[in-house]
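Participant: The structure follows.
The values are calculated or read from the model by the stated rules, or taken from the named source; none is laboratory data. On a predicted model such as this, the values are computed, not experimentally measured, just so you know. Cβ sites come from the backbone with ideal geometry, for glycine too, and all protein chains shown count toward neighbours. The area values use the complete protein model at the heavy-atom level, side chains included, leaving out ligands, DNA and RNA. Shrake-Rupley method; radii C 1.70, N 1.55, O 1.52, S 1.80 Å.
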Amino acid sequence: MLVRSASWDKTADVVAIGYGAGSGVAAITAAENGADVLILEKQPREGHRTNTNMSGGIYITPYDYQVGLEYMTALCRVAGFPNMLWTDRATIRTWAEYAATGAQWVKDRGGNIFPNPAPGEHPQLPGGADVGKHRFRGMGMGLARFLDEVVKAKKVSVAYETTAVHLLTNLRGRVIGVEAVETAGSRKKRVRIGANKAVILAPGGFEHDEEIKLQYLKVYPTWSTGTEFNTGDGIRMGIEVGAQMWHMNCVSARFVFKFKEYPWAFACDYLGRAQLAKAPGATEESIPVNSGHIIVDRDGKRFTSENVKGHCLFYELPVFDTHRLMYTRVPSYFIFDSRRMANGPLAAVTSGPAGPLRLYNWSPDNSKEIERGWVKTDNTIKGLARKIGLPADNLDRTVRNFNKYCAAGKDPDFSRSKRELLPLDSPPYCAMELWPGGPNTQGGPRRNSKGQILNADGNPIPGLYGAGELGSVYGMLYPGGGGNLTECFAMGRVVGENVAK
Ligand SMILES: Cc1cc2nc3c(=O)[nH]c(=O)nc-3n(C[C@H](O)[C@H](O)[C@H](O)COP(=O)(O)OP(=O)(O)OC[C@H]3O[C@@H](n4cnc5c(N)ncnc54)[C@H](O)[C@@H]3O)c2cc1C
């Protein structure tokens with residue numbers, strides 16, 4: 001919004017919008033480089049929940065620059081079009097450079113992290129098998145505590161209950177401040193906050209804006225396992241000052257559970273991994289699989305190997321039937337039996353609403369969720385199909401075929417891995433609806449390798465930077481669990497260094 005003469009209610013060198021890991025890391029870095037920083041956060045301090053503190057606290061820390069560079073470059077390609085990259089090469093290089101030193105940056109500031117060795121989500125790509133990771137003790141909450149401590153130590157101010165609504169520009173198009181609404185009880189007050197050096201736009205993604213998701217994501221609905229306060233404000237503010245958008249149809253997502261009683265979705269724990277991981281010495285790869293399950297579409301048919309594609313199964317879901325006006329894989333159904341039920345909570349309890357924040361207490365034996373009607377059960381597959389409204393003969397045939405493949409140790413339809421070829425033969429049989437969804441959207445204002453937000457011509461909008469998942473560096477393919485926090489730690493530092501200049 002253009003302002004001809006600005007009179008400010010307060011000013012700072014750098015004003016950051018939103019208080020998650022993206023702006024936290026940028027703010028800390030800017031403060032370390034001599035800037036006086038003010039963060040505006042729309043939520044109250046008490047109960048402040050972000051995608052950051054609901055996260056698993058894992059982040060990618062490539063063993064070296066070269067590995068990171070190769071992997072990110074490979075992720076940005078579309079086969080056959082070598083010059084079309086989802087993200088420009090300069091930004092990829094900067095990401096690789098800063099991601100490789102991300103663990104040291106946290107350790108130097110007292111962060112409590114430990115190595116979490118795991119390959120990237122696409123180990124077949126160059127560099128993919130060698131990407132390292134670290135994890136915060138206390139997961140996302142541990143990470144948020146760490147940020148709070150360092151933010152305080154560096155004397156960064158945080159104004160809670162202050163919602164940014166407009167970016168303010170001068171006649172030359174420079175972003176010089178923010179118009180915000182301060183809330184105190186039932187009182188609301190419009191304020192103008194001046195930024196002497198820069199504004200950092202980091203209010204998270206558009207996970208909870210239905211209209212933006214309908215218009216931009218590849219399939220609707222798409223539900224979020226994260227904070228309901230990420231409502232796409234950064235998209236609207238960015239468009240208002242002429243920002244170019246990128247990665248708008250990209251999202252790290254798969255299937256989730258969604259129930260009308262709650263705003264957040266729940267990540268699925270198909271195998272009962274949280275429970276099984278308690279086996280002595282268990283690692284991600286060695287965790288035993290002791291229960292079978294399949295995923296079927298609205299016609300009761302399988303369409304995927306079910307080898308969980310952590311953050312990109314989403315891209316297999318947009319199959320739209322133009323006669324029935326519906327996505328035939330939305331919802332899909334998680335079909336399992338009593339063996340999985342015995343493996344503990346059906347939802348992930350390591351992050352998200354049923355995670356350490358305990359926005360919802362998922363019962364250890366799923367009894368509460370069966371009572372609520374979230375899980376349907378029946379002693380026969382045909383009976384189960386009728387309860388969830390699927391063609392009974394189709395589902396019955398699908399399960400019989402799957403059980404035959406299990407007996408033969410080979411899945412000719414979708415090449416499911418052998419260790420997951422376990423039959424469904426232990427009633428009661430169970431079903432849950434599966435919806436597209438996941439942790440976060442990736443799209444938003446496009447930025448360059450310095451974190452400057454670009455206008456329609458590809459030139460930086462003076463005074464405006466971006467951080468965090470809004471307009472992240474990731475295109476179609478996400479590097480794997482830990483990618484977005486790496487975005488916050490790597491590109492957040494880049495932004496912090498540049499805004500302080
Ligand atoms: C369940 C879950 C698990 C995840 N696990 C991982 C993981 O292990 N590793 C990984 O790399 N990534 C993970 N992610 C993704 C990652 O956590 C996020 O992408 C990342 O934390 C985003 O940080 P951010 O600072 O951009 O946004 P957030 O942390 O969401 O912070 C955005 C803040 O902006 C505020 N805000 C919004 N609008 C305004 C406004 N107009 N004015 C002022 N404030 C505003 C919000 O209230 C919020 O506090 C996970 C996400 C979820 C939901």
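Participant: For Val78 and Glu371 in the same chain, what is the full-extension length gain: residue separation times 0.36 nm, less their Cα-Cα distance, in nm?
Facilitator: 100.9 nm
Participant: Which ³J(HN,Hα) values in Hz, rounded to whole numbers, follow from the phi angles of region 382-399 under the Karplus curve 6.51 cos²θ - 1.76 cosθ + 1.60, where θ = phi - 60° and Gly and Pro get x?
Facilitator: 5, x, 4, 4, 5, 5, 9, x, 9, x, 4, 5, 4, 5, 4, 5, 4, 5
Participant: Name all residues of region 463-500 having a backbone nitrogen under 18 Å from the label point set 7 Å from the Cα of Glu32 along its Cα→Cβ direction, giving them as ranges.
Facilitator: 467-468, 485-500
Participant: Just want the answer: with Cβ charges of +1 for Lys and Arg and -1 for Asp and Glu, which residue in Gly389, Gly444, Asn196 is farthest toward the dipole's positive end in the chain?
Facilitator: Positive-end residue among those listed: Asn196.
Participant: List, in order, the whole-Hz ³J(HN,Hα) value for each residue of region 488-501 obtained from phi through the Karplus relation with A = 6.51, B = -1.76, C = 1.60 and θ = phi - 60°; use x for Gly and Pro.
Facilitator: These are the phi-based 3J(HN,Hα) values: 5, 6, 7, 6, x, 5, 4, 4, x, 5, 6, 5, 6, 5 Hz.
Participant: Which percent of the accessible heavy-atom area of the chain goes to carbon and sulfur, probe 1.4 angstrom?
Facilitator: 51 percent
Participant: Provide, for region 337-451, the number of lysine pairs with alpha carbons under 27 Å apart, each pair being eight or more places apart or on different chains.
Facilitator: So the count of such lysine pairs works out to 11.
Participant: Using only the Cα atoms of region 252-438, what semi-axes does the equivalent ellipsoid have when each is the square root of 5 times a gyration tensor eigenvalue? Give whole Å, largest first.
Facilitator: Numbers: eigenvalues 106, 86, 59 Å².
Listed largest to smallest, the semi-axes of region 252-438 are 23, 21, 17 Å.
Participant: Is there a quick way to get the dipole size of the chain? I mean about its Cα centre, with the Cβ of Lys and Arg at +1 and of Asp and Glu at -1; what is the value in debye to the nearest 20?
Facilitator: About 300 debye.
Participant: Under a 1.4 Å probe, what is the accessible area of the chain per residue, stated in Å²?
Facilitator: That works out to 40 Å² per residue.
Participant: Okay, moving on. Top to bottom by accessible area (1.4 Å), largest first, where do Cys268, Cys430 land?
Facilitator: Cys268, Cys430
Participant: Assigning unit charges at the beta carbon (Lys, Arg +1; Asp, Glu -1) and nothing else, what dipole magnitude in debye, to the nearest 20, does region 252-438 show about its Cα centre?
Facilitator: 100 debye
Participant: While we're on this one: Among Gly47, Leu217, Gly102, which residue has its Cα positioned farthest towards the positive end of the charge dipole of the chain, with +1 placed on the Cβ of Lys and Arg, -1 on the Cβ of Asp and Glu, and the dipole taken about the Cα centre?
Facilitator: Farthest towards the positive end: Gly47.
Participant: Which FRET efficiency, nearest 0.05, do Ser363 and Arg172 yield, Cβ-Cβ r, R0 45 Å?
Facilitator: It comes to 0.15.
Participant: Compare the peptides 156-165, 371-380 by average per-residue count of other Cβ atoms within 10 angstrom and give them in order, highest first. The partial results should precede the final answer.
Facilitator: Values: 156-165: 19.3, 371-380: 14.4.
Those peptides, ordered most packed to least, come out 156-165, 371-380.
Participant: Of the beta bridges DSSP finds with both residues in the chain, what % are antiparallel, to the nearest 5?
Facilitator: Given both bridge residues lie in the chain, the antiparallel proportion sits at roughly 70 percent.
Participant: Can I ask one more? Here is the link list: Lys133/Lys218; Lys154/Lys189; Lys107/Lys154. Which ones come out longer than 25 Å on Cα distance?
Facilitator: Lys133/Lys218; Lys154/Lys189
Participant: In addition: Cα centroids of region 302-330 and region 428-449: how far apart, whole angstrom?
Facilitator: Region 302-330 and region 428-449 have Cα centres spaced 13 Å from each other.
Participant: Would you mind calculating the relative contact order of region 252-438 from Cα pairs under 8 angstrom and at least 6 residues apart, reporting the percent as a whole number?
Facilitator: About 33 percent, as a whole number.
Participant: What's the center-to-center distance, using Cα atoms, between region 380-425 and region 156-200 in Å?
Facilitator: 55 Å
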